[in-house]
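These notes are about the structure you will find just below.
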Amino acid sequence: MSQDNVELVRALFEAWNARDMDGVRELHDADVVMRPVSDWPEQGPFVGRTTLMRFIEQLRDTWDADTMEAISFSDVGDRVVVRFVWHGAGHGPDANLEMTDVLTLCKGRICGHELFWDQTDAVEAAGLRE
């Protein structure tokens with residue numbers, strides 16, 4: 001089951017990088033909850049697929065081009081911990097933001113995102129130790 005979860009998260013990265021927002025939408029549960037990193041300008045949480053997609057569209061509109069580059073994946077039962085770099089270019093200085101997302105999966109969809117700057121904090125939130 002957890003390898004299926006990792007593949008679902010990989011599909012999220014593929015859809016994002018292909019700019020397939022319909023694909024991104026379909027990978028999320030209708031009741032998804034997303035909590036951004038602690039000092040993100042829009043604090044959230046963002047509750048529900050429609051609210052999450054509006055937040056994502058605003059992020060994507062900030063840049064002419066952006067990609068997410070996965071560094072590592074760890075599966076933890078119904079969660080996947082992924083360290084990644086979000087690259088953005090086109091308005092002001094380029095952005096290369098490294099963070100970790102703890103994704104919770106429910107019934108074959110993503111039902112939660114909790115983002116952390118620090119990998120150790122993310123691992124602890126997922127119930128693991130580094």
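No lab work stands behind these numbers, since they all come straight from the coordinates. All values reported here derive from a predicted model rather than from experimental measurement. Ideal geometry is used to build each Cβ from the backbone, glycine not excepted, and the neighbour counts take in all protein chains shown.
Look through region 7-43, keep the residues that are among the small types (G, A, S) and surrounded by 12 or more Cβ atoms within 10 Å (Cβ to Cβ), and return whichever of them is nearest to V81 (Cα to Cα). So the residue we want is A11. Summed over region 41-75, the residues that are in a strand (DSSP E or B) and among the polar types (S, T, N, Q) give a count of 3. Pairs linking a residue in region 8-32 that is free of Cβ contacts under 8 Å to residues at least 40 places away in the same chain to a residue that is aromatic (F, W, Y), with Cβ atoms under 7 Å and 6 or more positions apart or on different chains, are V24/W16. Which residues, counting only those in region 33-59, are free of Cβ contacts under 8 Å to residues at least 40 places away in the same chain and of a type in the set (K, R)? Residues satisfying the conditions are R49, R54. Residues in region 78-130 that are closer than 21 Å to G23 by Cβ, outside any strand (DSSP E or B) and small (G, A, S): G108 only. Residues in region 58-91 that are closer than 24 Å to G108 by Cβ, surrounded by fewer than 17 Cβ atoms within 10 Å (Cβ to Cβ) and among the charged types (D, E, K, R): 1 in all.
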